[in-house]
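Here the structure comes first, spelled out in structure tokens, and everything after it is commentary.
The values are calculated or read from the model by the stated rules, or taken from the named source; none is laboratory data. Bear in mind the structure is a predicted one, so any value in this text is a computation, not a measurement. Please note: Cβ atoms are built from the backbone with ideal geometry, for glycine as well, and neighbour counts cover all protein chains shown. The protein model used for the area step is the full one, side chains on, heavy atoms only, and it has no ligands, DNA or RNA in it. Shrake-Rupley method; radii C 1.70, N 1.55, O 1.52, S 1.80 Å.
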Amino acid sequence: MAHSSLYTSAAQKIIVPLDVASEEDAIATLNKLPEVQFWKVGLELFVSCGPSILERLKEQQKRIFLDLKFHDISNTVAGACRAAGRYGADLLTVHATAGRTALKAAVTAAQEGAADSKVEPPKVIAITLLTSLSARDLAFDLKIPVELPEYALQMALLAQESGLAGAVCSPQEAEQLRQVCGDDFLLVCPGVRPQGAAKGDQMRSQTPTQAIQAGANYLVIGRPITTAPDPAQAFQTICQELEGI
Ligand SMILES: O=c1ccn([C@@H]2O[C@H](COP(=O)(O)O)[C@@H](O)[C@H]2O)c(=O)[nH]1
């Protein structure tokens, strides 16, 4: 059986970030990983080369997670989401800590932007707590006197109450968020590491199998794939792991 049909359902759950600084490098990454259907464009690439990379992805019928993590006053978040809504991305991020008014404004504005350019609106999802932060960081540096799982849950509930479609959380919090927020709330999990892979700056990681079993809809997996000696093989190995669940 061809790899493309064997790994289709698992492949659709994996979002690979294009964490590179030029459109040329992004296209080179795309070409190395033709099986990847869902790509993430984040701050490094978008700030480096602007929205033209989104056009390149759409030309190839790829799905797009526009991970710009807006965090500002509500008027500014709304303006950014209106502009981002015009690109036809599938997912768009804002920080939950922008607050209820900004979150509500983000959803409305993303829909307005999409209507302007006659595309489907992106699903707006909230960052609960960056996966690079530990319980220690939360308590001692951010001075937030709440246990980390409870904090992530409260941020997800704030997002849900504000009309967002889902949240970004670590796989370690996914099970609780799935139980409380229900099956219709999207859970997108970065911080996913195959067994034995380097964690880098990810502080709350789990394996692909653990993340899916905990209730994640999508896994964001970057460096374990993109910096592997054979990225296509690394992607395929993760797909095989997920097909075996
Ligand atoms: O809490 C968050 C939110 C976003 N990310 C993004 O996911 C990828 C993870 O890349 P790896 O190479 O697999 O670590 C990266 O683009 C982050 O910006 C996150 O890690 N945590």
Looking at K104, K118, which is the one that is part of a loop (DSSP other than H, G, I, E, B) and away from the ligand (no atom under 16 Å from the Cβ)?
-> K118
Per the filter on the stretch 201-231, residues among the hydrophobic types (A, V, I, L, M, F, W, C) and either in a loop (DSSP other than H, G, I, E, B) or open to solvent by 30 Å² or more (accessible area, probe 1.4 Å) (or both) are M203, I212, A216, I221, A228
Filter the stretch 1-40 down to residues that are modelled with pLDDT under 95 and of a type in the set (A, V, I, L, M) and give me whichever is nearest to T209 (Cα to Cα).
-> L6
Quick one: would you say V168 is away from the ligand (no atom under 12 Å from the Cβ), aliphatic (A, V, I, L, M) and over 17 Å from A10 (Cα atoms)?
-> no
Cβ pairs under 7 Å, 6+ apart, first in the stretch 214-230 and more than 11 Å from the ligand (Cβ to nearest atom), second open to solvent by 20 Å² or more (accessible area, probe 1.4 Å) and part of a strand (DSSP E or B) = N217/L186
Just checking, how many residues over the stretch 31-64 are free of Cβ contacts under 8 Å to residues at least 12 places away in the same chain and either in a helix (DSSP H, G or I) or within 20 Å of P190 (Cβ to Cβ) (or both)?
-> 4
Go through the stretch 109-123 and give me each residue that's under 20 Å from the mean Cα position of the chain (by Cα), under 11 Å from C81 (Cβ atoms) and open to solvent by 50 Å² or more (accessible area, probe 1.4 Å).
-> Q111, P121
All positions within the stretch 45-83 that are of a type in the set (V, I, T) and within 22 Å of L33 (Cβ to Cβ) = I53, I64
Residue that is farthest from the ligand (Cβ to nearest atom), among those in the stretch 186-200 that are open to solvent by 20 Å² or more (accessible area, probe 1.4 Å) and closer than 25 Å to K123 by Cα = L186
Give the stretch 8-64 a look and list any residue that's among the charged types (D, E, K, R), more than 13 Å from the ligand (Cβ to nearest atom) and under 17 Å from the mean Cα position of the chain (by Cα), or say none.
-> K13, K62, R63
Confirm whether L177 is in contact with a strand residue (DSSP E or B) (Cβ under 9 Å, 6 or more places away or on another chain) and surrounded by 22 or more Cβ atoms within 10 Å (Cβ to Cβ).
-> yes
Among the residues of the stretch 65-90 satisfying the criterion of being within 16 Å of the ligand (Cβ to nearest atom) and assigned to a loop (DSSP other than H, G, I, E, B), which is nearest to P190 (Cα to Cα)?
-> D90
What are the residue pairs meeting all of these: first residue in the stretch 7-28, first residue under 18 Å from L187 (Cβ atoms), second residue small (G, A, S), Cβ atoms under 6 Å, and 6 or more apart or on different chains?
-> P17/G42; P17/G222
State which residue pairs qualify: first residue on the phi > 0 side of the Ramachandran plot and assigned to a helix (DSSP H, G or I) and inside the stretch 177-200, second residue more than 10 Å from the ligand (Cβ to nearest atom) and at pLDDT below 95 in any location, beta carbons under 8 Å apart, and separation of 6 or more residues or different chains.
-> none
Conditions (1) hydroxyl-bearing (S, T, Y); (2) within 15 Å of the ligand (Cβ to nearest atom); (3) surrounded by fewer than 23 Cβ atoms within 10 Å (Cβ to Cβ); number of the one not met by T93 | (3)
